[in-house]
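Structure first, then comments.
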Amino acid sequence: MSSQPPRPFISVIMPVFNGAATLDRAVRSVHFQTFLDWELIVADESTDNSMAILQQWMERDARIRVEHRDENQGLGAARNAAIRLARGEFISYLDRDDEYYTDHLTHVWQFRDRGDVLVFGYDFVYEDGPAGGRLPSWDPAQARQHIFTSGVCTPLGVVHRREWWEKVGGFSDVWYEEDADLWRRMARAGARLGYLPLTSGLYHVRRDSLSRSPHISRRQREMFLANWQANRPMYGDGQPSPSHHKVEKIALVSPYCVIDPTSEAATVMLDALGLLADLGFSCEVLCGSYVESQEGSHWEDILATRNVPYEVQDLRFDSYGGRLILATHGKVPVTLFDTTSTRGQWQDEQEVNAFLATCEWFLKKNRPDVLWTFGSDAVAIRVQQVAKHLDIPVLFARYDLSYRDTQPFKAVDYVITANEFCRQHYWKTLGLFSQKLLPVIDSKRVVAETREPRFLTFVNHQPHGGTLVFARIAERLARRRPDIPVLLVQGPSQTDPLGKMGTEGPLKNLTMAPAPTDPREYLAKTRLLLVPSLEEDLGLAAIEAMVNGIPIVASNRGSLPETVGDAGILLEMPRACSADPHVRPTTEDVEPWAEAILRLWDDEASYTRLSERSRDRSRLWQAEHLGPIYREFFGGLCHQPGAPLLPKQFVE
């Protein structure tokens, strides 16, 4: 009978795809280890002569075994396949273009009791860098601080007990940082991490290194596309991971004031928290006091407007002295960090540090299952990093088109958007993988109990809202139908809108209204809502109007077609200003708009029909419809193996 070879202590795992140029160097560094009780398991998926090189090594050293795989399925899949064949108590990793120092496995043996996962340093070699020179060693102490925030350690620096790979289910089939994801899952599952002041070997970085250009397998590409089409999370099928626990506590944290009535994003998020609280989730808010109003509004005025009681608590951080305002909005406790400015200008770095320290205190105290946030400035991004340091999944809400780079999304697990238009926009421009989740609209906040509908209303929320188109329509109606009163509701960050409209003279049919703290103020008086937007993103004013049964005359741009549907009249933007909001249309350009308004204004049957359609359509955004959807979505949130950003070559 043939006897089985003795079980090795350490199994070295090496995935290989077309590695002929560097493979011999890597295998040689294992062969000449001073520690002898090892085996090398290679998962080869190559189409070059890598297999011939490996065959020579197998003939030379019986401790080397190779499994040839016909299809390249990615690093995670290759490593999993090799580990299934491994017999060692410890698993060590070596890529085909790196190399071990000769004493690395000896150090693993010597320090095997320091942890379930041993983290070593390693030296960098940038082969396309200046003189091909080395850089200082990577310090494993970095991993202690950043294991939950970034992919700080490559497999070259990690050795772990095989049982922990089994406990957490192995590597995920993701397109990058599948290694960092595995270390995090081991840490969450209770593995002891030991950080050793020793270097494992040389980490070679070349232009074609996978760390610079992540490989995407056919299977991964198919998975991403299938998830995108099904509105599921980017990774996997949306099912909770083995370590996932039920989401019960949600914290909304942002430097921006969540109770700011002038912010559309804050408004819909506060409505959503109210729904989640009604569904049984425990929800809390920590936010700064920044508001969108041009003049700025003090938190005392905001709380008084909303009839929210509060108390003040002194805050001390080092030499910084400030205040926390403790309030409750409906069922949701709100902690407001009283920033020196309400216009987004931090007093200094000391105030920033005090706010971030407050965030850390708040999250440690409440231990939420998910952090929900919004905002793209440097402090908002640091809030995400605070949460990731505490290993809290991050959900990012994005309700407009203002983002131009991927930096705000690199530390998040999920991104949600309010409609398909925004979802498609960021997929095409940033390679950002987001999910559509309709915003919930609190009927109590927007339904006017007593209505006297008499105005054609234009809500001037944003620069691309079509102010000049509105002005020309108002002029046309002033001459043709002066009996139709027109209401201009100013946006939160606007001054002198009449001066910017450039009308030929004062309009007797026009009434001005400041940015409202309560939308019912103008909705109660609105008969028709005019939305001549060039690029509508959230479309909140249109949704709130439909909840009140108000028909809409709108452009067919941005998110408006999917928002308005058959509850209004959709028109082409005047050609003169279809690309530039600063170009004034002619009277002839807006004639189709004026005709559509007059037909609805004078034809009571058509008006009533569209009014009923508006109310019917508005149910899509109300709690009765969205309750089950929100319960399923928020209840299933869990750690994701990477940020929802597609590799560059996927987008190209």
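Restricted to the range 385-400, and to residues there that are part of a loop (DSSP other than H, G, I, E, B) and touching a helix residue (DSSP H, G or I) at 6+ places or on another chain (Cβ under 6 Å), the residue that is modelled with the lowest pLDDT is Tyr399. Confirm whether Phe455 is in contact with a Pro (Cβ under 9 Å, 6 or more places away or on another chain) and assigned by TED's automatic domain parsing to the domain that holds Tyr256. Spelling it out, it is not the case that Phe455 is in contact with a Pro (Cβ under 9 Å, 6 or more places away or on another chain) and assigned by TED's automatic domain parsing to the domain that holds Tyr256. Among the residues of the range 78-91, count how many are surrounded by 23 or more Cβ atoms within 10 Å (Cβ to Cβ) and either free of Cβ contacts under 8 Å to residues at least 24 places away in the same chain or out of contact with any His (no Cβ under 8 Å at 6 or more places or on another chain) (or both). The number of residues fulfilling the criteria is 3. Residues that are under 26 Å from Phe148 (Cα atoms) and surrounded by 23 or more Cβ atoms within 10 Å (Cβ to Cβ) are absent from the range 435-450 altogether. Of everything in the range 367-378 that is crowded, with 20+ Cβ neighbours inside 10 Å and of a type outside the set (Phe, Trp, Tyr), the residue that is modelled with the lowest pLDDT is Gly375.
For the range 391-423, the set of residues classified as over 11 Å from the mean Cα position of the chain (by Cα) and under 15 Å from Gln640 (Cα atoms) consists of Asp391, Ile392, listed by residue number. Considering the range 87-109, the residues that are more than 38 Å from the chain's Cα centre (by Cα) and assigned to a loop (DSSP other than H, G, I, E, B) include one that is farthest from Phe120 (Cα to Cα), namely Arg87. Residues that are surrounded by fewer than 16 Cβ atoms within 10 Å (Cβ to Cβ), at pLDDT below 75 and under 22 Å from the mean Cα position of the chain (by Cα) within the range 214-244 comprise Asp237, Gln239, Pro240, His244, listed in sequence order.
Which residue is farthest from Ile543 (Cα to Cα), if the candidates are limited to the range 375-401 and must be free of Cβ contacts under 8 Å to residues at least 40 places away in the same chain and basic (Lys, Arg)? My answer is Arg382.
Of all residues in the range 330-342, those that are at negative phi have Cβ atoms under 6 Å from Cβ atoms of residues that are among the polar types (S, T, N, Q) and surrounded by 23 or more Cβ atoms within 10 Å (Cβ to Cβ), 6 or more apart or on another chain, in Leu336/Ser289; Asp338/Ser289; Thr339/Ser289; Thr342/Ser289.
Scanning the range 606-639 for residues that are over 32 Å from the mean Cα position of the chain (by Cα), under 22 Å from Val447 (Cβ atoms) and of a type in the set (S, T, N, Q) yields Thr608, Ser611. The single condition from (1) in the same structural domain as Glu284 (by TED's automatic domain parsing); (2) assigned to a helix (DSSP H, G or I) that Trp372 fails is (2). All conditions but one from (1) small (Gly, Ala, Ser); (2) in contact with a strand residue (DSSP E or B) (Cβ under 9 Å, 6 or more places away or on another chain); (3) surrounded by fewer than 21 Cβ atoms within 10 Å (Cβ to Cβ); (4) touching a residue at least 60 places away in the same chain (Cβ under 8 Å) apply to Ala596; the one that does not is (4).
The values are calculated or read from the model by the stated rules, or taken from the named source; none is laboratory data. Bear in mind that the values here come from a model prediction, so they are computed numbers and not experimental data. As a convention, Cβ positions derive from the backbone with ideal geometry for all residues, glycine included, and neighbour counts pool all protein chains shown.
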